[in-house]
Each structure stands twice: as structure tokens, then as C-alpha cells.
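Following: one structure in C-alpha cells, then a few remarks.
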Amino acid sequence: MKVTEHIAKAKKSLFSFEILPPLRGHNIGNIFSTLDPLMEFNPPFIDVTYHREESIFIERENGLLQKKKISRRPGTIGICSAIMNKYGVDAIPHMICGGISRQMIENSLFDINFLGIDNLFVLRGDSLKKESSFYANRNGHKYAVELVKQIKNLNTGKYIDKYFIENNHDNYSPMFNFCIGVAGYPEKHLESPNIDSDLYFLKKKIDEGADYIVTQMFFDNKKFFSFVDRCRTKGISVPIIPGIKPISSKKQLNSLPSNFYLSIPNELVKEVIKAKNKDSVYNVGIEWSINQSKELKNSGVEVIHYYTMDKPDNIYKIVKSIY
Ligand code: FAD
């Protein structure tokens, strides 16, 4: 079922979350042990992130370095299928533009459709560590909006591989009907010159057919409420789902702002610094997220989406006290 249909038929605020595919070499059991405790709260849908191939350098016996491409967390689509089979909930694969041609995307969309997956979360992806900015695949997309357009085209029967379709179907009728989610950034995307510019391009994703937005994590609800107001003023009327992540280590006070371009309120920073050990930091993070979630729920958001980072314990405690 589509995310928009889940939202339309819900009588109360829903709970959803996202997981990462396990590291290469691990098995599906790792995923199920993350999911099992959280299934108690009946999430209508679960997202599975996508991780792009990266280049690593291996030192050979002769001292020269060998470049190797490695996918550390493969298997997004397969994991979605396994989740749907085991738990009977909708699973949403994340799809990115980085490193993938339009043809490869079209082929993946066939797999996804055959597996009965109704939703896609569409992103550009980040630039590679060695790149100064994002470079599109030679036959790929530069921005998420282009990928939204490709999927929307497929929904109306416009394939990339027109030749095959035109020569094999006399009475062709479209068989794709994906619901599409896209990312939004309450504190703007890190590359964007300002929030208005970012909103302008967010609106383009919606105008091209995206059905809902999930936000980057934020720690100050005022940023989210102001983002929603700005979106509505610009004519973006689709559901906007807030993304919540509990802080779980002191290190994250620096790593989250630098990786995701977000700010952490001083009150939270002080509490984390004051915490005497790892457990106390963990509890501060849980307490903060519970308060954020309560306020969001009371404000009437349709769904609250949690970033688990594959560690369900803190999310369990937060959701238990909210849902
Ligand atoms: P876009 O919407 O393409 O925007 C990228 C930048 O370009 C923005 O600054 C925007 O303002 C600007 N822009 C957009 N269109 C144009 C245009 N036509 N002309 C000029 N500028 C433009 N990454 C992964 O690799 N895998 C994941 O699974 C994943 N999941 C995520 C889930 C969520 C909820 C979020 C918020 C992020 C996720 N990301 C993931 C990270 C995401 O890929 C990065 O934030 C990426 O840098 C931007 O992706 P986007 O889809 O927002 O890009």
C-alpha cells in the first residue's frame, strides 16, 4: 500500500523508521533482530537505505596501490522483499542517482515492481569522499528531481528502452504506479546557498510528482514547524514527515552538525556534556527525543519517522512512551 494511503486512512499519528542494510558478509538475521522489538508498535512502513559503491585502495605486495570498488552495505531491494514477506508491512527502498545510469535504474524498477513494492524514497545521494562536489553518472541523473521524473514517466508508460516496448506490446497499458517520497531539510541542505533556494528545488521535486517529504533529522522542533510553514507558503501541500534521531554519544555533538548541516540546541549540548558516562548520554538522547516526539504528535503530524542506525534499543524506549 502507498504511504499516502496509509496516511489517509490513519486515525492517529503513525510511527515509521529506517534501517541500514547490514555490512557485507552479515546476514538477514541482523536485520530481523533490529526489527523484531519495533514491530510491537505496528509500523505501517519501514525504509531501507541505499549505500553507494565506494573506491578503496589496497596495497599490493610490490608496494603499489590497487584501486577497488566496494559496496559495503549492498542488498537494499532484497532486504525490502524479506521484510515484506516476514512481517507483512510495506518496505521502502531508497534509490539514489549517484553511480547509476538511467538504464540501470529502469531495470531496478522492474525488480521492485515485480516484488510488489509500492513506494520508493528518491534521493540524489552524496558526493564521493574524493569528489569536491557531486558528479552524475555519464548516463545518469544530477539531481533527485530528475529521478522523480524518470519514475513518474514510467508510471505513465514512458520507458527509457522505448524500442523494446514499442515492438513487443500492441496494446500497452502502464503497470507501474509508484508512490514517491523525497528528502527535505528544515535547516537547508548543506550545499544550498540559502533556505529559499533549497525550498525552490524541493518544490520542483513535488511539482514533478513526489507524493510526500521526509525531513533530515533536527533537534529543535521550532526548525521543523517553521520549515512546514515555509513549505505551505510556497504551495507545497504534500505530507511532511519529521525525521527524529536520538543522540547516543558525545562524539555526535560534532559529527552530526558537520555531516548533516544541522544545529543542536544549547540546552541539549549542555546536558550531553554534563553526562558522566555513555549510559547517561544515551538517556539524555532518549529523553530529548521523547519530548520532541510528544510535541510533534500533539501538533498533529501524520507520521514520525525514526533513524535507528540499526540500534533499536533507544528507539524502542522512545516509541514505547509515545505510541
Ligand atoms: P537534491 O534534491 O537533488 O538536492 C541536492 C542539492 O542540489 C540541494 O542543495 C538542492 O537545493 C540543490 N538542487 C536541487 N535541484 C537543483 C537544480 N535543478 N539545480 C541546482 N540545484 C539544485 N543518501 C544515500 O546515499 N542513501 C540513502 O538511503 C539516503 N537516505 C536519506 C534519507 C533522508 C530522509 C535524507 C534527508 C537524506 C538521505 N540521504 C541518503 C542523503 C542524501 O542523499 C543527501 O542529503 C544528498 O546530498 C542530497 O540528496 P537530495 O535527494 O536531497 O538531493
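So here's what we get for this one:
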quantity: Potential extension, N30-E54 segment - 0.36 nm per residue separation minus Cα distance; calculated: 6.4 nm
quantity: Of K203, K162, K297, the one that fluctuates the most in a GNM where the chain has Cα springs shorter than 10 Å; calculated: K162
quantity: Restricting segment 99-157 to GluC sites (Glu not before Pro) in coil, as DSSP defines it, with at most 15 other Cβ within 10 Å; calculated: E131
quantity: Which listed pairs, of K142/K205; K9/K152; K223/K245, have C-alpha distances above 19 Å, in listed order; calculated: K9/K152
quantity: Cα-projected label distance for K69 with S280, points at 7 Å along beta-carbon direction, nm; calculated: 4.9
quantity: Kirkwood hydrodynamic radius of segment 223-323, from inverse mean 1/r over distinct Cα pairs, in Å; calculated: 14.7
quantity: Heavy-atom accessible surface of the chain: percent carbon and sulfur, 1.4 Å; calculated: 49
quantity: Within segment 20-95, trypsin sites (Lys or Arg not before Pro) in DSSP loop having at most 10 other beta-carbon neighbours inside 10 Å; calculated: R60
quantity: Residues of segment 86-114 with amide N under 16 Å of a point placed 7 Å along Cα→Cβ from N139; calculated: 98-110
quantity: Charge dipole (segment 1-151, unit charges on Cβ, about Cα centre) - positive-most of M1, H51, P37; calculated: H51
quantity: Solvent-accessible area per residue for the chain (1.4 angstrom probe, square angstrom); calculated: 52
quantity: Residues E191 and L115, FRET efficiency given R0 of 30 Å [Cβ-Cβ distance, rounded to 0.05]; calculated: 0.35
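The values are calculated or read from the model by the stated rules, or taken from the named source; none is laboratory data. Predicted model only: the values in this text are computed from it and were never measured. Backbone-built Cβ (ideal geometry, glycine too); neighbour counts: all protein chains shown. Remember, those area values only see protein heavy atoms, side chains included, never the ligands or the DNA or RNA. Shrake-Rupley method; radii C 1.70, N 1.55, O 1.52, S 1.80 Å.
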